[in-house]
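What follows is a single structure, written as structure tokens, with notes after it.
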Amino acid sequence: MDEIIRNKNFNLFILSLLVVFIVSCTPAYLIQHSPNFAESIYARKTHRIVKQADQNPENFQLLFDATSELTMYSYAFLMEKADRKSVLDYHQGKILYKIAQENFIQAKKYGLRGLKLRYPEIDSVIGTTIPKAIKFTKEDVPILYWTAAAWGGAISASKGDLAFIVELPKVGWILERAIEVDSDWNKGALYSAMISYSMKRTDQTRDSEKQARMFFEKAINASNGNNCSPY
């Protein structure tokens, strides 16, 4: 669990750097002195992309952008804020988790809509034992990854709600299909995601930690040891 927390915190730090880098400001200064300013910038950027996706529901690129940006924003700012707030004020933290969850659900819908443009039968295939029914390509890996990330975020933000936890195998299904197509994508990002999935899956066995460590090793190898995220 400690490894997963450190992994999430590191990703949040990188995402914060990305926010301020995009607007060509001094990253270290803004993160340290103006975190609310960084969030405000990213919130406006995300809102603009989401609005464009809503206006163009058949545009794959906009749907992908809405999925990835809304997911990143929700992880980097809303979940991080909810985690901190819940320590001091459980009720307020619960409200923030709910807001984050709603965003994740929306991001997941954009991702599934984008996938459905390419594969109309996707809804009836996700989570089934016939994964080969759809032949995904390397071009599909980014939206598979971000759709899984959004779905996983919604489950995490539910804080143990069984109605969401039962959907976890579908997240694993999506990640596994992406790994089949391009296992080393983005320096082992898929393997890193599988570390958390292996430890949280509903059908956990005594081999869960063993599987997580296996994916850890694969993530390290895929990045040639140059990616800190798995740690």
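Just a few scattered comments:
- Selection among Tyr97, Phe77, Thr67 by position relative to the dipole of segment 61-109 gives Tyr97 as farthest towards the positive end (Cβ unit charges, Cα centre).
- The figure for Glu69 is an accessible area of roughly 30 square angstrom, using a 1.4 Å probe on the protein chains alone.
- Summarising the label geometry, the points placed 7 Å from Cα in the beta-carbon direction at Arg118 and Asn221 lie 2.6 nm from one another.
- Calculated FRET efficiency for the pair Asp89/Thr128, C-beta based, R₀ 45 Å, to 0.05: 0.60
- Set Lys81/Lys109; Lys81/Lys116; Lys45/Lys159; Lys98/Lys187; Lys85/Lys187; Lys85/Lys138 screened for pairs whose C-alpha atoms are more than 30 Å apart: Lys81/Lys116; Lys98/Lys187; Lys85/Lys187; Lys85/Lys138
- Sequence of Lys45, Lys210 when ordered by accessible area, the most exposed leading, probe 1.4 angstrom: Lys210, Lys45
- Ranked order, Asp207, Asp65 - accessible area, probe 1.4 Å, largest first: Asp207, Asp65
- Evaluating 6.51 cos²θ - 1.76 cosθ + 1.60 at θ = phi - 60° for every residue in segment 159-166, the Karplus couplings come out as 6, x, 5, 4, 4, 9, 4, 5 Hz, glycine and proline recorded as x.
- Across segment 81-95, computed HN-Hα scalar couplings (Karplus, 6.51 cos²θ - 1.76 cosθ + 1.60, θ = phi - 60°) run 5, 5, 4, 6, 5, 5, 5, 9, 9, 4, 4, 5, x, 4, 5 Hz from first to last residue, x flagging Gly and Pro.
- Cα shape, segment 86-231, gyration tensor, a/c 1.5 rule: oblate
- Each principal axis of the Cα cloud of segment 54-167 was taken in turn, and the coordinate range along them, longest first, works out to 48, 32, 22 Å.
The values are calculated or read from the model by the stated rules, or taken from the named source; none is laboratory data. Everything quoted here is computed from the prediction, not taken from an experiment. Neighbour counts run over all protein chains shown; Cβ positions are idealised from the backbone, glycine included. In case anyone asks, the SASA skips ligands and DNA or RNA and just uses the protein heavy atoms, side chains included. Shrake-Rupley method; radii C 1.70, N 1.55, O 1.52, S 1.80 Å.
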